[in-house]
Each structure stands twice: as C-alpha cells, then as structure tokens.
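The values are calculated or read from the model by the stated rules, or taken from the named source; none is laboratory data. Remember, predicted model here, so these are calculated numbers, not experimental data. Neighbour counts are summed over all protein chains in view; Cβ atoms, including those assigned to glycine, are modelled from backbone coordinates with ideal geometry.
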Amino acid sequence: MKQSAIDFSALILRVALGLIFIPHGFAKVFGADGPGAFASDMPQYGIPAFLGYIAALAEFFGAALLIAGLLTRFNAFLLACVMIAAIVVVHGPEARMVEGHGPMRLMAMVKEIEFPLSLLAIAVALVLLGGRRFSLDQLFKLEDRVLHMVKRRNP
C-alpha cells in the first residue's frame, strides 16, 4: 500500500475519532458540575475517581489533540482505555442481559457493544499508526525526539 494512502487513512481515522469523542467529552468537562460529577460515579463501578477525571479530559482535550495529530499515540491510547472500560463496565453487563439462545443471543450481545468496540478498534489502529504525515507530531518530529530520548537512556 502506498505511504500516502496510509497517511490519509490515519488522518481520516484521527478526525473521525476526535469528532465522535469531542461532544461526549464536552458534556463531561463543561456540563453540570464539570468532570467531578462524572468522576464521582466511577467508584460505584469499582474504578478510582481520578480515572474519571482522566477519561473526561481525554474525551474532550485528547480528542481535540488527536484531530490535530498532536501526541497521537498517547491520546489514542487513553481513548482506547476509555473504550475498554466502557465495554467492560457499561456495555458488557447490558450485553450479558440480552435474552435468546445460541447464535441469535451471541449476535445480539455483539450488537450491544458494536459502537464502543468500533471506537476501540479505531483508537488501537491509531496507537499502531501514529499521526503519520498530516499531523503536528510529524511536523514537530515528536516521535523521533521521544525515540531519541529513550535510546539515550537505554544504551
């Protein structure tokens, strides 16, 4: 596959994922009581409250940075973690409650998690791809700088 096709693919994935997450993050960050309200719900799911703050901020600010292609792998990783938590904590229990038997039940369960699973797949793809050519990461050579720092620390 041509490098330009991969670069455009990464751009499309970054913009799509960012645009999907920004409204969700906006509601958590700027909604009633801010991210504290969202974070305060986390302990009832067995998740520390501070991770709720991180999730809320990642969904808004991380998604915006993702669109720009700044710290792409890091922000995509955070959003992947948010989606894993959403699948396990919110959508997974709902999926297990689906009624039916055999393949029909399995398909209904998959349908319950299809949207967060799709977002997880996009986020993981971006963790693997990085921002590519049309990103601020590439413009500022951020990944090269990080690799250089890591190599200096681990000769």
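If I filter region 130-155 down to residues being part of a helix (DSSP H, G or I) and buried (at least 19 other Cβ atoms within 10 Å of the Cβ), which single residue comes out as modelled with the lowest pLDDT? Before the answer, list the steps.
Residues of region 130-155 that are part of a helix (DSSP H, G or I), as a first pass: 136-139, 142-153.
Pick out the ones that are also buried (at least 19 other Cβ atoms within 10 Å of the Cβ) and you get 137, 142.
On the way: Asp137: 96, Leu142: 89.
By that ranking, first place goes to Leu142.
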*Can you pull out the residues in region 1-53 that are among the β-branched types (Val, Ile, Thr) and more than 22 Å from Leu136 (Cβ to Cβ)?*
Ile47
*asked:* Can you tell me which of (1) at pLDDT below 95; (2) on the phi < 0 side of the Ramachandran plot is the one Ile12 doesn't meet?
replied: (1)
*asked:* Criterion first (touching a residue at least 40 places away in the same chain (Cβ under 8 Å) and buried (at least 19 other Cβ atoms within 10 Å of the Cβ)) does Ile113 satisfy it?
replied: no
*Tell me the helices (runs of 4 or more DSSP H) entirely within region 29-122 that contain at least 2 residues that are among the hydrophobic types (A, V, I, L, M, F, W, C).*
34-40, 49-57, 63-68, 72-85
*Counting just the residues of region 14-50 that are free of Cβ contacts under 8 Å to residues at least 60 places away in the same chain and charged (D, E, K, R), which one comes out surrounded by the fewest Cβ atoms within 10 Å (Cβ to Cβ)?*
Asp33
*With the checklist (1) at pLDDT below 95; (2) surrounded by fewer than 17 Cβ atoms within 10 Å (Cβ to Cβ); (3) under 16 Å from Leu71 (Cβ atoms) in hand, flag the one item Arg105 doesn't pass.*
(3)
*asked:* Can you tell me which of (1) in contact (Cβ under 8 Å) with a residue 24 or more places away in the chain; (2) surrounded by 12 or more Cβ atoms within 10 Å (Cβ to Cβ) is the one Gln3 doesn't meet?
replied: (2)
*Here is a list of conditions, (1) modelled with pLDDT under 95; (2) closer than 22 Å to Lys28 by Cα; (3) crowded, with 16+ Cβ neighbours inside 10 Å, and Val88 meets all of them except one; can you say which number that is?*
(3)
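From the list Gly52, Gly31, which residue is within 21 Å of Pro116 (Cα to Cα) and not hydroxyl-bearing (Ser, Thr, Tyr)?
Gly52
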